Amino acid sequence: MDKVKFGVLGCARVFERRMAPALKSAGNAVLHAVASRSLEKAQATAQKHGAAKAYGSYDALLADTDIEAVYIPLPNDQHAEWTVKALAAGKHVLCDKPLALSVSEAEWMAGAAAASGLRLMEGFMYRHHPQHKKVFEVLHSGAIGEPVHFRGIFTYPATPDPAGIRWSMAQGGGAFLDVGVYPLNAARWLLESEPTAAKAIAITDPTSGVDSHTAALLTFPGNRTASLMGGFDQAFTSRYELVGREGSITVERAFQVGESGVRVLVRANNSDTEEAFFFEHTDQFQLEVEHFAACILNSQLPLEPGEDGVAQAKAQALIQSQ
């Protein structure tokens, strides 16, 4: 089987913990090179994860003609710059979420991808877990009736770290852009439309100035609504619920699935009881990599383009403007 050769810009924690194992396990991808601003760090990381090459700068990695795709787990404020540079170097790009910090950045990135004929995907790995296929199957069957409200929450207790990127205003930190974007993305995905209005409240960390949690209410076409929460200051929760006129669908571990199996709970046809659908543990990061690589190997396969990242950025801006 052909394997897409990936390069990675930076040695971020999400790469070390999640994407390196995913690339190692993927059937159609391989980790070819790692870059860091420290050559020594790049070499150590490449050796640890079995990459063939290490580079002491991001530009040097982009100049490697063997690399077909780049994964970007850099701080949020660097996503746009390095995505456009990677596309200009002829690389497909899988960029960690959020794709961009503004609509103009997202449009710049999407335009660069379209002009180059290359693939650009925002890294919402949760979408590739099979539990969500069951959600859409139930939804489209009509079992819960017309969906009218979405509730989503992704929170965890984070220790404040003045040196950490999540606590840096300049680098696009804060709870909303770290975890709140997940339920926002899921609301757009499941309601199959874009929000038209929003009301939001952000609780600000007094030291760093970033939001420690953000709550939002959204209006969608067809008199549908959504409520979202992303937070650093609450117990771990990774959940969404889609409520219809005749039932509901609840995904208990929607975004961060952990190391055990997960359940989807369905209350259908105005029943008082729920039916549970269990899914064994699967690596959703590996599934994300395999999907992206498959779409590189076969340009006819459907891939959410950069334009979906533009729509996500517009929804983010709608909430942040409140």
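Which residues, taken from the range 16-31, are within 9 Å of VAL4 (Cβ to Cβ) and open to solvent by 10 Å² or more (accessible area, probe 1.4 Å)? Talk me through it step by step, then tell me what you get.
So the first thing to find is which residues in the range 16-31 are within 9 Å of VAL4 (Cβ to Cβ), and the list is 26, 28-30.
Scanning the range 16-31 gives ASN28, VAL30.
Candidates in the range 270-306 are the residues that are aliphatic (A, V, I, L, M), at pLDDT 95 or above and surrounded by fewer than 16 Cβ atoms within 10 Å (Cβ to Cβ); of these, the one that is nearest to ARG245 (Cα to Cα) is ALA276.
So which residues in the range 221-242 are of a type outside the set (Val, Ile, Thr) and open to solvent by 20 Å² or more (accessible area, probe 1.4 Å)? Matches in the range 221-242: PRO221, GLY222, ASN223, ARG224, SER227, MET229, ASP233, GLN234, ALA235, PHE236, ARG239, GLU241. Taking the listed residues ARG245, ARG263, ARG267, the one that is open to solvent by 50 Å² or more (accessible area, probe 1.4 Å), over 30 Å from ALA197 (Cα atoms), in contact with an Asp or Glu (Cβ under 6 Å, 6 or more places away or on another chain) and not aliphatic (A, V, I, L, M) is ARG263, with no other qualifying.
Just one of (1) touching a residue at least 24 places away in the same chain (Cβ under 8 Å); (2) open to solvent by 40 Å² or more (accessible area, probe 1.4 Å); (3) over 14 Å from ALA186 (Cβ atoms) fails for VAL148. It is (2). Regarding SER212, is this residue over 25 Å from ILE249 (Cβ atoms) and either among the β-branched types (Val, Ile, Thr) or in contact with a helix residue (DSSP H, G or I) (Cβ under 7 Å, 6 or more places away or on another chain) (or both)? Criteria met by SER212.
Tell me whether the range 2-11 contains one or more residues that are in contact (Cβ under 8 Å) with a residue 60 or more places away in the chain, open to solvent by 10 Å² or more (accessible area, probe 1.4 Å), in contact with a Leu (Cβ under 6 Å, 6 or more places away or on another chain) and not aromatic (Phe, Trp, Tyr).
Let us first name the residues in the range 2-11 that are in contact (Cβ under 8 Å) with a residue 60 or more places away in the chain, namely 2-10.
Then drop every residue that is not open to solvent by 10 Å² or more (accessible area, probe 1.4 Å), which leaves 2-3, 5.
Cutting the leftovers down to in contact with a Leu (Cβ under 6 Å, 6 or more places away or on another chain) gives us 2.
Among the residues that remain, those that are also not aromatic (Phe, Trp, Tyr) are: 2.
Within the range 2-11, one or more residues are in contact (Cβ under 8 Å) with a residue 60 or more places away in the chain, open to solvent by 10 Å² or more (accessible area, probe 1.4 Å), in contact with a Leu (Cβ under 6 Å, 6 or more places away or on another chain) and not aromatic (Phe, Trp, Tyr).
For PHE176, indicate whether it is buried (at least 20 other Cβ atoms within 10 Å of the Cβ), farther than 24 Å from THR282 by Cβ and of a type outside the set (Gly, Ala, Ser). Let's see the steps before the verdict.
Details: buried (at least 20 other Cβ atoms within 10 Å of the Cβ): yes; farther than 24 Å from THR282 by Cβ: yes; of a type outside the set (Gly, Ala, Ser): yes.
Judged against the criteria, PHE176 is a match.
Kindly evaluate LEU120 against the criterion of being open to solvent by less than 30 Å² (accessible area, probe 1.4 Å), under 21 Å from the mean Cα position of the chain (by Cα) and touching a residue at least 12 places away in the same chain (Cβ under 8 Å).
Working: open to solvent by less than 30 Å² (accessible area, probe 1.4 Å): yes; under 21 Å from the mean Cα position of the chain (by Cα): yes; touching a residue at least 12 places away in the same chain (Cβ under 8 Å): yes.
Yes: the conditions hold for LEU120.
From the list CYS95, CYS11, the lone residue that is over 19 Å from PHE124 (Cβ atoms) and of a type outside the set (Gly, Ala, Ser) is CYS11. Consider the range 36-53 and keep the residues that are touching a helix residue (DSSP H, G or I) at 6+ places or on another chain (Cβ under 8 Å) and crowded, with 21+ Cβ neighbours inside 10 Å. The one that is nearest to LYS5 (Cα to Cα) is ALA51.
Inside the range 57-77, residues that are open to solvent by 30 Å² or more (accessible area, probe 1.4 Å) and either in contact with a strand residue (DSSP E or B) (Cβ under 9 Å, 6 or more places away or on another chain) or closer than 28 Å to MET169 by Cβ (or both) make up a count of 7.
Do we find that LYS91 is open to solvent by 30 Å² or more (accessible area, probe 1.4 Å) and basic (Lys, Arg) in this structure?
Working: open to solvent by 30 Å² or more (accessible area, probe 1.4 Å): no; basic (Lys, Arg): yes.
No, not satisfied.
Could you list, in sequence order, the residues of the range 97-124 that are of a type outside the set (Asp, Glu) and part of a helix (DSSP H, G or I)?
Step one: filter the range 97-124 for residues of a type outside the set (Asp, Glu), giving 97-104, 106, 108-121, 123-124.
Answer for the range 97-124, where residues must be of a type outside the set (Asp, Glu) and part of a helix (DSSP H, G or I): VAL103, SER104, ALA106, TRP108, MET109, ALA110, GLY111, ALA112, ALA113, ALA114, ALA115, SER116.
The values are calculated or read from the model by the stated rules, or taken from the named source; none is laboratory data. The model shown is predicted, which means the values in this text are computed figures rather than measured ones. When we count neighbours, we look across all protein chains shown, and the Cβ atoms used for this are built from the backbone with ideal geometry, even at glycine. Heavy atoms of the whole protein, side chains included, go into the accessibility calculation; ligands, DNA and RNA do not. Shrake-Rupley method; radii C 1.70, N 1.55, O 1.52, S 1.80 Å.
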